[in-house]
1. What list do you get for Leu29, Leu327 if you sort them by fewest beta carbons within 10 Å?
2. What residues from region 243-272 fall in the zone where the backbone N is under 11 Å from a label point 7 Å along the Cα-to-C-beta line of Lys59?
3. Using modelled backbone amide H atoms (1.01 Å from N, in-plane), which distant-in-sequence or interchain residues come within less than 5 Å of Val294's amide H?
4. Cut-off is 10 Å between beta-carbons; in what order do Tyr204, Tyr28 appear when sorted fewest neighbours first?
5. Name the residues of region 17-35 whose amide N is less than 20 Å from a point 7 angstrom out from the Cα of Glu189 along the C-beta direction?
6. Could you derive backbone 3J(HN,Hα) for region 78-84 from the dihedral phi with the Karplus parameters 6.51, -1.76 and 1.60 (θ = phi - 60°), listing whole Hz in sequence and x where the residue is Gly or Pro?
7. Be a star and scan region 244-269 for residues whose amide nitrogen sits under 12 Å from the point 7 Å along the Cα-to-Cβ vector of Glu202.
8. Please arrange Met174, Met200 by how many other C-beta atoms lie within 10 Å of their C-beta, fewest to most.
Amino acid sequence: MIDTKFRLSHAKPVVPQVPVGIIGVGSYLPPAIVKNEDFKHLQLSEEEQSFMDNQSGIKERRWARDETFTDMAVKAGRAAIDNAGIDVSEIDMIVVTHITRDLSQLTPPNSVTIQTELGAKNATAINIDQGFTGWMYALITGASFVASGFYKTVLVVSGESILSHTDSTIMKTMLVGDGGGAFVLRQTEPGYGLQAFHLMSEQYPEIAAEVKVDTKKAGPWDTDPSLKAYFTISPNSFARDLPYVENFLPYSMHQSLGALRLQPDEVDHYIFAQKFEWLNRRWAANTGVDYAKVHETIAEHTCVETSSIPIITADAVKKGKLKKGDLVAFADLGSNWSVASAVFRWNI
């Protein structure tokens, strides 16, 4: 049993009574590939170079360049709708999440823009702002609207243009990439779909990572500083927070599994919102599962924050790894702090 000191709050796991399944998955990755050696403004220390070579698992990532997170969310949403084999007119609600911010439009939220660009004329749209765990909270929100019977078909979608909103002169810019992802949700046959979920949160004394307005040099090849909403990681975050970060997510995962009386090795696939390989492996080890069960795309895509889980899932589907009846576990963690996990029985 995992140590209860990694329990952020006493929030209980939930076992839904209505089967809500994922009927379509989609992703979008911008074409520009940025390899580790392409960062022109970086002079890595010996320690940083060792981390990138031996612990990060990262080789390259995608860069949106002039595409916005809204552009990528729309493309990912279309891909998921096509994968589901439905018409966009069947979408009743669109649930949107992201951490990237556009200073030209902080409000109104981009959810309605995404709905309009998709042509979802029979839908409404909302934004979920839960930081780096936004995808899991958006997914559970969407599933709740389906389970309630209020809406039949819900599109959950995310887009992130993080690389152009990260200071390209520091090593941590190498830990992120851009892209978008989406799921289509509908009620499914009994025994399939969402089996259990767990959400927990608590304010941490110090912020580990955040998005704030600043002037930095954006983009791997940009020459001039830009005023943007920048993604930042506290300089002492790794040393201070990793002992907790590597255990918060497994604690939540055990809550979801425990609600179903499942052992970790009974789950067929784990999909974490990957940060870097060392942490992914620690999450697997602390959950008590062989890393062979973790599907990841760290080398090619690194962390795309709220878009990571749907991008990884779409990759697993494309490679034929997810079969009907498989148990699939999703989990994510963000500061300052919220953690989420869910178990689905794959229904497509």
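Where a number appears in this text, it was derived from the coordinates with a stated rule and is not lab data. Please read all numbers here as calculations on a predicted model, not as lab measurements. Virtual Cβ from ideal backbone geometry, glycine too; neighbours counted across all protein chains shown.
1. Leu327, Leu29
2. Counting only backbone N, you get no residues.
3. Amide H neighbours of Val294: Tyr270.
4. Listed from fewest to most nearby Cβ atoms, that is Tyr204, Tyr28.
5. 17-25
6. Values per residue, Gly and Pro as x: 4, 4, 5, 4, 5, 5, 6 Hz.
7. Residues 248 fall inside that zone.
8. Arranged by neighbour count, lowest to highest, Met174, Met200 become Met200, Met174.
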